[in-house]
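Input: a single structure, listed below in structure tokens.
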Amino acid sequence: MRRLMARSPWLGLLAALVGFVALGQGLKLGLLPLLPKAAWISQALLKLSLIVVVLVVAKLEGWPAAALGFRGNLKGAGRYSLLALLLGVVATNASILTGNLGMAKIVGQMSLPSVIFWVWIVSSTSEEIFCRGWFQAHLEKHAPSPIDPAGVLLPSAVLFGAMHLTLLLAGAGVGTTLLIVAFATVLGYITALVRGRSGSLYPAIAVHVAFNVGGVIGGALYVILYRLTTGQLPPFAQQ
């Protein structure tokens, strides 16, 4: 990875993305069929495995925990979390208004406690460890600044967005997937900026969680406003 990063951050991005997809597909074909069919199982398996793999690879590469962002600094968590919350509200309403509800169908298979724990917390944490921890640590090593737009922030954001292309394999649909990739890339840029400025993963994780919470709030607000103005539930809420 270090050699690829030394040549181009985009080569490193491609290698990281291929590794992520390979991990997901390997688990799906190898281990997932042996496990119970609960909706949260695949999410738990992938995201917990991602954390383990990233930490093992980082250890083999000689990265100390602090270099990956495991340090107690919450700089920027508050205001950027609010921004991410609003972005989540916008993202959900954009999905509803354009009829791209594929993600809702996937998440709808899980109970609310499962969504809160596995999507809001575990998924956000694992993806930030991968993108803003390990990958961004590599980017910063070859960039003039930890908040360099071209060398750090944009590649980190694009990797995060591109990871969500795998939703196509989960049946989310092309429109839904492209919309999520777009919003995820914007979120990735925000969390990369927070990570670069603070040097810590913790505010980036908080921002990521806030986006997911905002998505649920956005859906609830849409249902409430639709009910108040029409006297009925929106079609997707009647199913």
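No value in this document is a laboratory result; all are computed from the given coordinates. Predicted model only: the values in this text are computed from it and were never measured. All Cβ positions, even for glycine, are placed from backbone atoms using ideal geometry, and neighbour counts span all protein chains on display.
Fully extending the segment from residue 59 to residue 227 would add 55.2 nm, taking 0.36 nm per residue of separation and subtracting the current Cα-Cα distance.
Extension gain, residue 182 to residue 52, is 44.1 nm, computed as 0.36 nm per intervening residue step minus the present C-alpha separation. Ordered by the count of other Cβ atoms within 10 Å of each Cβ, fewest first, 51, 205 give 51, 205.
May I ask you to derive the relative contact order of the range 2-238, considering only C-alpha pairs under 8 Å and at least 6 residues apart, and to give it as an integer percent? Don't jump to the answer; show the numbers that get you there.
On the way: 293 pairs, mean separation 75.3, N = 237.
Relative contact order here is 32 percent.
Secondary-structure-derived ellipticity at 222 nm for the chain, considering helices only, amounts to -21000 deg cm²/dmol, per-run term -39500 (n - 2.57) for DSSP H runs with n ≥ 4.
Just round it to a whole percent: the fraction of Cα-Cα distances in the range 2-238 exceeding 34 Å. Could the numbers behind the result be given before it?
Details: 4180 of 27966 pairs.
It works out to 15 percent of all Cα pairs.
Bridging of residue 141 to aspartates and glutamates at a Cα separation below 19 Å is possible for 61, 128, once same-chain residues fewer than 8 apart are set aside.
Here's the picture: charge each Lys and Arg Cβ at +1 and each Asp and Glu Cβ at -1 in the chain, and of 64, 50, 182 the one pushed furthest to the positive end of that dipole is 64.
Grab the other residues whose beta carbon is less than 10 angstrom from that of residue 201, score K and R as +1, D and E as -1, and report the net. Provide the component values of the computation, followed by the final result.
Numbers: positive: 71, 132, 195; negative: 128.
Cβ neighbours under 10 Å give a net charge of +2.
Sorted fewest first by neighbouring Cβ atoms within 10 angstrom, 200, 145 come out as 145, 200. When the chain is described by a simple charge dipole with +1 on each Lys and Arg Cβ and -1 on each Asp and Glu Cβ, the residue from 158, 170, 9 located farthest towards its positive end is 9.
Contour minus end-to-end for residue 70 and residue 142, with contour as 0.36 nm per residue of separation and end-to-end as the Cα-Cα distance? All intermediate terms of the calculation are to be shown ahead of the outcome.
Details: separation 72, 0.36 × 72 = 25.92 nm, distance 2.00 nm.
Using 0.36 nm per residue and subtracting the Cα-Cα distance, I get 23.9 nm.
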